[in-house]
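Heads up: the structure comes next, in structure tokens.
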Amino acid sequence: MADELTTEAIAEEAPAAADVVADETAATETEAKPDAGELDRLRAALAKANKEAEKNRLRLKEVDDAKLSEIEKAQRDAAEAAQELTNLRRDSLRQKVALDAGLPAKWVGRLQGDSEEDLAADAASILADLNKTRKPAPDPSQGPRANALTEDEQLYESIYGKRKA
């Protein structure tokens with residue numbers, strides 16, 4: 001009975017691991033620049049705390065699963081599957097609209113809307129912004145100058161060094 005996992009015991013273990021990492025990071029925040037060894041040690045401690053937290057989440061789910069009846073487990077699994085299906089359908093619709101509109105792949109995640117029409121309108125708006133032609137600002141150093149030399153004057157200056165009057 002002492003080895004039995006309880007929700008309370010798991011919940012108490014998870015914050016303890018996070019507190020260790022928080023204490024270590026709080027100590028380094030007061031220092032100006034931690035050395036590379038200190039950063040590596042902190043990263044390792046954070047990775048370890050994250051792994052422990054994930055293990056604790058899984059153990060907590062197992063304990064909660066043991067308390068649930070088979071019907072409740074099936075209902076929970078069905079709700080999770082329905083949510084995942086909704087997310088996959090939304091992502092698929094985004095991909096379809098972006099492909100149909102000719103939107104670059106890296107812009108697919110920026111599409112917003114709940115219906116195909118909303119997504120298509122957003123894709124058209126993004127494409128319009130991407131395809132705008134931009135006029136470069138004029139460069140004042142280019143173009144004709146007020147004291148521009150003719151070819152003859154340039155040749156004269158290159159030979160004699162001064163401009164004839």
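The values are calculated or read from the model by the stated rules, or taken from the named source; none is laboratory data. Keep in mind it's a predicted model, so treat the numbers as computed, not measured. Every residue, glycine among them, receives a Cβ derived from its backbone with ideal geometry; neighbour counts consider all protein chains shown.
For region 58-98, filtered to residues that are among the acidic types (Asp, Glu) and either assigned to a loop (DSSP other than H, G, I, E, B) or touching a residue at least 24 places away in the same chain (Cβ under 8 Å) (or both), the residue that is surrounded by the most Cβ atoms within 10 Å (Cβ to Cβ) is ASP64. Scanning region 103-117 for residues that are loosely packed, with under 14 Cβ neighbours inside 10 Å and either in contact with a helix residue (DSSP H, G or I) (Cβ under 7 Å, 6 or more places away or on another chain) or part of a helix (DSSP H, G or I) (or both) yields a count of 7. Condition test on ALA128, is it of a type in the set (Gly, Ala, Ser), at pLDDT 85 or above and surrounded by 10 or more Cβ atoms within 10 Å (Cβ to Cβ)? In short, no.
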